[in-house]
1. Please list the helices of the chain that count as membrane-span-like by this rule: a mean Kyte-Doolittle hydropathy of at least 0.0 together with Cα atoms stretching 15 Å or more along the helix axis, each helix being a complete DSSP H run.
2. Modelled label-to-label distance, Q238 and K39, 7 Å Cα→beta-carbon offset: nm?
3. Can you compute the label reach from N131? Point 7 Å from Cα along the Cβ direction, backbone N cut-off under 11 Å, restricted to the stretch 373-399.
4. So how far, in whole Å, is the C-alpha centre of the stretch 80-104 from the one of the stretch 324-388?
5. Can you list the lysines whose alpha carbon sits under 23 Å from that of K252, skipping same-chain ones fewer than 8 residues off?
6. Below 8 Å, C-alpha to C-alpha, sequence gap of six or more: please give me the relative contact order for the stretch 296-350 in percent.
7. So if I take the alpha carbon set of the stretch 271-376, get Rg, then get Rh from the Kirkwood formula, what is the Rg over Rh ratio?
8. For the chain, what is the mean residue ellipticity at 222 nm derived from helices alone (per DSSP H run of n ≥ 4: -39500 (n - 2.57); sum divided by total residues; nearest 500 deg cm²/dmol)?
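The values are calculated or read from the model by the stated rules, or taken from the named source; none is laboratory data. Note that the structure is a prediction, hence the values are computed from the model and not measured. Using ideal geometry, Cβ is built from the backbone for each residue, glycine included, and neighbour counts are taken over all protein chains shown. Just so you know, the surface numbers come from the protein's heavy atoms only, side chains and all, with ligands and any DNA or RNA stripped out. Shrake-Rupley method; radii C 1.70, N 1.55, O 1.52, S 1.80 Å.
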Amino acid sequence: MSFIHRFTVNDDFFVYDVNTNSIIEVDEVVYSICPYFNKTGIGEIKKIFTNTFTLDSIQRAWETIAKYNKQKDHFSCIYPLNKNETFKWHKIVNEVNTNLRQIVLNVTDNCNLRCLYCPYTCSPLGKRAHNKHNMSTDVAKKSIDYFLAHSYKQNGFISLGFYGGEPLLNFKLIKWCINYISEQHNNDTPIIYSITSNGTLINRDIIEFLVEKNIVLLISLDGPKEIHNKNRVDKKHQGTFNRVINNIEMIKKVAPSYYRYNVRFSIVLTGGTDYQQLDDFFSYYALPVRISSFEGFESSTLNHLDIFKNPLLNFDKMKQKFTYAAIQNIFNIKSEQKKYSFVKNLFENSLQRIHRRYPCKNLIIDPPGDSICIPGAHRIFVSTSGLFYTCEKTEGNDNMLIGDIDKGVEINSVSKIIQNYHNFIHKYCNDCWLIRMCSSCFVHAVSNNNFNDEKFAQNCHIRKKVFHEALRMYIEIGRQNPSAFDWLEKDPLDTLMNNELNKA
C-alpha cells in the first residue's frame with residue numbers, strides 16, 4: 001500500500017508522498033486509486049471503481065502512478081525502521097560533552113501566583129507542589145561551571161535561562177549568576193540570557209538590569225483581561241491582568257528599544273477561548289508570542305480548560321487572516337508585520353516544517369530525523385536542588401532525570417531515555433504519514449514517570465489535524481504568491497541572534 005497522505009485544495013487534488021517527502025498534484029482518478037498501489041492489481045482496482053470512473057481513465061491513472069513510482073519512487077510502500085536502528089548513537093557523547101546549547105536554572109520553587117492550570121498548582125502526577133525552596137549560590141555555581149565546561153564547541157551562541165516558580169522572587173541569585181558567568185566565560189561565543197516571568201514583580205530597578213544585560217524577557221500573558229483573569233490568579237484568587245499590563249507599559253515607557261526587541265509573550269491556550277479576541281489583543285502589542293496549550297490529561301478537575309474537550313473558537317478566521325498576510329507578502333516585510341504577530345506565531349512552526357522539508361530517496365536509505373532533542377546536549381533544566389532534567393516540562397519525572405550538578409549528565413541515562421522513547425512511539429510512527437515533519441517529543445508522551453499511550457495518541461491526533469490543514473494552506477498560498485514563504489527560509493536561531501545581538 002502506498003505510503004502517502006491525500007488532501008484537497010478547493011477542487012484540486014494533492015498527494016504528500018512520505019518516502020520522497022514530495023507534494024504532488026494529481027487528477028481525481030489518480031487521487032482515488034493511488035492508495036491501492038502496491039496493495040492490489042489493476043483488475044481489482046477496476047472492479048472497485050467501475051461505477052465511479054471509466055475503465056480507460058482508471059487504466060491511464062494506474063499507468064501514471066506506475067510511471068511516477070519507477071522514475072521518482074513516488075507511491076512506494078517502504079516503511080521506516082524503529083528509530084533505535086537508525087539513531088546516530090556515536091554523536092551522543094560528543095554532543096553532551098562539548099556542544100551544550102542552553103541551561104535553565106530553576107532559581108526558586110516559590111511563586112506569588114496560583115494559576116489554575118499551573119502544574120505546580122493542580123499538582124498532576126509526578127510534579128512537585130509550590131514550596132519556598134530557593135536555589136543556592138553553590139548549586140547555581142556548579143551548574144554554570146558544568147555549562148561552560150560542556151558548551152565550548154557550540155557555535156553561534158549559548159543561552160542561560162531562569163525559571164520558577166516566579167524567578168524574580170530570587171532576583172538576587174539571577175544577578176549573581178549573570179555576573180558570575182560573565183566573569184568565567186572566556187571565549188567569543190555570545191551568551192543570551194532569558195527570564196520566564198509572570199510579569200507581576202517588575203519594577204524600575206529590575207528593568208534597568210534587564211536592559212543593561214540585554215535579557216530576553218518572556219512574560220506570561222494569556223490575552224485580554226476577561227481571558228487572562230480566568231486562570232492567572234494570585235494566592236487570593238484575584239486576577240493579575242492589571243498588574244501585568246501596568247508593568248508592560250512601564251517597560252515600554254522606560255526602555256522602548258528594549259521593549260521592542262527583547263520582550264515576548266507566552267500564551268497558554270485553554271478550552272473555549274476565542275482566537276479572534278486573542279488576535280485583536282496581541283495585534284495591539286505587536287510583539288512575538290509563544291503559543292502553547294493546556295492539556296488536562298492528568299487533571300480531572302480542569303476538563304473545561306482542555307482544548308481537546310472544549311475546542312477554541314474562530315480558528316478559520318485566523319487562517320483567513322494569515323493567508324491574506326502571506327499572499328500580500330506582509331511576512332516578508334518586517335515593517336508591515338505589527339498587526340499579524342499572533343497569526344504568524346500560530347502557524348509558523350508547521351508551515352516552516354513543510355516549507356523546509358528536503359527531497360529524499362526513501363525511508364530506509366534516508367530515515368526521518370528526530371523531533372526530539374538529545375537530552376543533556378540541547379538543553380538542561382536544573383532543579384533548585386541541582387538535579388538535571390531534559391527540560392522544564394519534564395521536571396519531577398524520574399525517567400527524565402539525566403544527572404545532577406555533581407555527576408553531570410549520565411550518558412547511560414540519556415541513551416536509555418532515547419531508546420525507551422523510540423521503542424514506545426514505534427507502534428504509532430511506523431505507518432504515520434507525518435513521520436518526517438512531526439514535532440512531537442518526550443513531553444507529549446511522558447506522564448507519571450512513564451510514557452503513556454493515551455496521552456501520546458491524543459497529541460498525535462491533534463498534530464495530524466494541524467499539519468493536514470497546514471498542507472492545504474501551504475498550497476493555496478504558494479499558488480497565489482510563490483515568494484510568500486521566503487521568510488521561512490531563515491533559521492529561527494539566526495533571527496534570534498539578529499534581534500538580540502545585532503540591533504540597529
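1. 137-149, 171-184, 241-254
2. 6.2 nm
3. Residues 384-385 qualify, since their backbone N sits under 11 Å from the label point.
4. 19 Å
5. Counting by Cα, and skipping residues close in sequence, K252 has these lysines nearby: K175, K213, K225, K334, K338, K339, K344, K503.
6. 23 percent
7. Details: Rg = 17.5 Å, Rh = 16.5 Å.
Answer for the stretch 271-376: 1.06.
8. Values: 17 runs with 204 residues, N = 504.
Mean residue ellipticity, 222 nm, calculated: -12500 deg cm²/dmol.
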